[in-house]
Each structure stands twice: as C-alpha cells, then as structure tokens.
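The values are calculated or read from the model by the stated rules, or taken from the named source; none is laboratory data. Computed from a predicted structure; not experimentally measured. Please note: Cβ atoms are built from the backbone with ideal geometry, for glycine as well, and neighbour counts cover all protein chains shown. Ligands, DNA and RNA are stripped out before the accessible areas are found, and what is left, the full protein with its side chains, is counted by its heavy atoms. Shrake-Rupley method; radii C 1.70, N 1.55, O 1.52, S 1.80 Å.
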Amino acid sequence: MRHANYRQFFGGQLLSVIVNWVHTIALGWLIWRLGVSSPVLLGMLAFCSQGPILFFCLFTGVIVDRCDRSRLVLTTQIGITVLVTLLSVLTLNHLITGALAIAIATGLGLISAFDLPGRQSLVVDLVAHDDLANALALNSVIFNGARLVGPALGGVLVDTVGEGWCFAFIAASYVPLILFLFTIRVPQRPLSTRLKGLLHEMGEGLAFLRQDPPALRILLLVGLCSLTSVPYFSFLPMLADTVLRGGPAGSGILMSITGVGALLAALRLTFAGHVGAMGTWPLRAAVMLALAQILLGLSQHF
C-alpha cells in the first residue's frame with residue numbers, strides 16, 4: 001500500500017468488483033424473469049458471459065502484453081459502462097427482452113476477455129517487483145472480499161428497486177475507476193516484446209507451462225474446478241426461487257456466503273509469502289468443493 005498508484009487502483013477496483021457481483025445477481029434474476037423461469041436461458045447467459053473469456057484467453061493475453069495496459073483497461077471499463085447503461089435504459093423503459101439481455105451479456109463477455117487479464121497484469125506496472133506477489137494476493141482479497149458484500153447487496157436491491165435501477169447504480173460506480181485510469185501515469189515497458197508475432201507469443205506461453213509442471217498442474221486443477229463447479233453460480237436464481245423459496249435476497253445471500261471461505265483462503269495466501277507454502281491445499285480444496293456441491297444439490301432447506 002506504500003505505492004500511491006496501487007492504493008488508488010485498489011480502492012477503485014474494490015468498488016467495481018463489488019458492483020460486478022451486484023450485476024451478476026441482477027442480470028441472473030432479469031433473465032430468470034424474462035425467460036419465464038427457464039433454466040435454459042440461465043445456461044445461455046453463463047455461456048455468453050464466460051465463453052469469450054475461455055475461447056479468446058490466449059489471444060487476449062498476447063494483446064494485453066503488447067498494449068499500454070492502463071489505456072486498455074480504461075477502454076474496457078468505458079465499454080462496460082456503456083453496455084450496462086444501455087441495459088439499464090432498456091430495463092427501466094420495459095423494452096428489454098431475453099434476446100437483448102443475452103446479446104448485451106455477450107458483449108460484456110467479449111470486453112471481459114480483455115479486461116480481466118488487463119486488470120491483473122496492470123498490477124505489475126503499479127508496484128515494485130519485490131511487492132508483486134503480495135499485490136496479486138491482495139487482488140484476490142479484493143475479489144473474494146467483494147463476494148461477501150456484492151451478491152447480498154444485489155439481492156436486496158433487486159428486491160427493493162428492481163433490476164433496472166441496479167444497472168443504473170452499477171454504471172455510475174465505474175466512474176471512480178475510469179477517472180483514476182484517465183490520470184494514472186505508469187512507466188513504459190520495453191517495446192521488444194511487442195515485435196514478435198501473435199502465434200509466436202502464444203507459443204511462448206504454452207512453452208512456459210511445459211517447462212513448469214507445478215504451474216501446469218495448478219492451471220489444470222483450476223480449469224477442471226471452473227468447468228465443473230463454477231456453473232452452479234448461474235443456477236442459484238433457480239435454486240433460490242423454486243427449491244428454497246428465498247427470492248432474490250435469498251439468492252444473493254447464498255452467493256455471498258461462499259465468499260467467507262474464499263476470503264479466508266485469499267488472506268492465507270497473502271500471508272503465505274510464496275506459492276510453495278500452500279502444499280497440497282489446492283487439491284484438498286478441490287475435493288471439499290466437490291463434496292459441498294453434492295450436499296448443496298441434495299439440500300431442500302435454506
């Protein structure tokens with residue numbers, strides 16, 4: 001936190017990540033309502049929101065390495081704000097349809113494919129190298145700490161003011177981070193890395209994984225858990241509404257409470273000092289995640 005740029009980025013990003021969880025709840029309930037309680041539309045929403053990140057991750061990673069990261073993240077944040085504002089206007093004027101909502105979610109997914117690696121790698125330009133591991137761990141604390149607050153806040157807002165005003169609130173909350181990105185000045189990186197071909201740089205990333213088995217194992221474990229477990233988030237509106245009878249607020253609470261364990265893990269990583277200190281915990285956590293999800297599927301009580 002002694003780096004001024006990182007302090008400002010930390011505050012702006014904390015707010016934007018909290019409202020991103022509000023957006024997840026509001027959009028999920030909007031799709032659930034417009035689709036007349038259709039789990040198929042919820043699945044389509046998840047695919048359109050997250051699919052671009054999966055399909056374009058190698059390509060966007062190379063682009064991020066070639067760009068001025070602060071300008072790139074500024075552009076993506078403006079793009080997200082414009083689309084969320086459009087979603088708010090359409091919803092408040094009762095012009096929104098399931099197809100339009102899915103189309104806007106696809107646009108947000110495409111922007112996120114650049115925004116997520118851009119924001120993560122921008123940290124490299126904001127702190128000294130010796131502080132980088134701790135800064136990345138603090139980024140994880142931001143993400144998981146926001147997960148405690150954002151979904152519950154989103155559930156309450158949907159219950160009280162509706163999805164349209166939720167989207168208006170979300171669009172306004174991106175302004176502080178955009179203003180920070182307008183004023184930030186970061187050291188320019190060497191241009192040599194930008195002179196190689198896209199395919200060559202993609203190959204370099206894959207070659208690094210081949211040479212670093214621990215990194216490859218962690219990446220495969222994260223990929224497996226993401227593919228098989230993360231989708232349950234998309235179906236929480238259905239679970240809360242048809243099984244647990246909790247409504248939007250109940251859905252938000254269910255999503256928020258998962259942040260307790262995630263925040264504890266992020267704090268543990270912050271103070272661990274190095275990745276090797278985690279030992280076998282990633283594998284144990286994956287097994288516990290599987291068991292917890294089976295129990296969630298069997299539960300009938302909020």
Residue count, the stretch 102-118 (criterion: closer than 22 Å to SER88 by Cα and open to solvent by 10 Å² or more (accessible area, probe 1.4 Å)): 9
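Determine whether SER121 is hydroxyl-bearing (Ser, Thr, Tyr), in contact with an Asp or Glu (Cβ under 8 Å, 6 or more places away or on another chain), open to solvent by less than 40 Å² (accessible area, probe 1.4 Å) and in a helix (DSSP H, G or I).
Values: hydroxyl-bearing (Ser, Thr, Tyr): yes; in contact with an Asp or Glu (Cβ under 8 Å, 6 or more places away or on another chain): yes; open to solvent by less than 40 Å² (accessible area, probe 1.4 Å): yes; in a helix (DSSP H, G or I): yes.
Yes.
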Selection status of ILE53, farther than 23 Å from GLU163 by Cα, in contact with a Gly (Cβ under 7 Å, 6 or more places away or on another chain), open to solvent by 20 Å² or more (accessible area, probe 1.4 Å) and assigned to a helix (DSSP H, G or I): yes
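May I ask you to say which residue of ARG284, ARG194 is open to solvent by 40 Å² or more (accessible area, probe 1.4 Å), at pLDDT 80 or above and basic (Lys, Arg)? Can you show your working first?
Values: ARG194 fails: at pLDDT 80 or above.
Testing whether each residue is open to solvent by 40 Å² or more (accessible area, probe 1.4 Å), at pLDDT 80 or above and basic (Lys, Arg) leaves just ARG284.
Test of understanding: among LEU239, LEU219, LEU254, which residue is loosely packed, with under 14 Cβ neighbours inside 10 Å, aliphatic (A, V, I, L, M), out of contact with any Ser or Thr (no Cβ under 6 Å at 6 or more places or on another chain) and at pLDDT 75 or above? Working first, answer last.
Numbers: LEU239 fails: loosely packed, with under 14 Cβ neighbours inside 10 Å; LEU254 fails: loosely packed, with under 14 Cβ neighbours inside 10 Å.
Answer to the selection: LEU219.
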Considering residues of the stretch 76-95 that are in contact with an Asp or Glu (Cβ under 9 Å, 6 or more places away or on another chain) and not aliphatic (A, V, I, L, M) only, the residue farthest from SER121 (Cα to Cα): THR91
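When you scan the stretch 52-71, how many residues do you find that are polar (S, T, N, Q) and within 12 Å of SER112 (Cβ to Cβ)?
Summing the residues that are polar (S, T, N, Q) and within 12 Å of SER112 (Cβ to Cβ) in the stretch 52-71 gives 1.
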VAL127 vs. criteria more than 19 Å from the chain's Cα centre (by Cα) and either open to solvent by less than 30 Å² (accessible area, probe 1.4 Å) or touching a residue at least 24 places away in the same chain (Cβ under 8 Å) (or both): yes
Among the candidates ALA99, ALA135, residue that is among the hydrophobic types (A, V, I, L, M, F, W, C) and open to solvent by 30 Å² or more (accessible area, probe 1.4 Å): ALA99
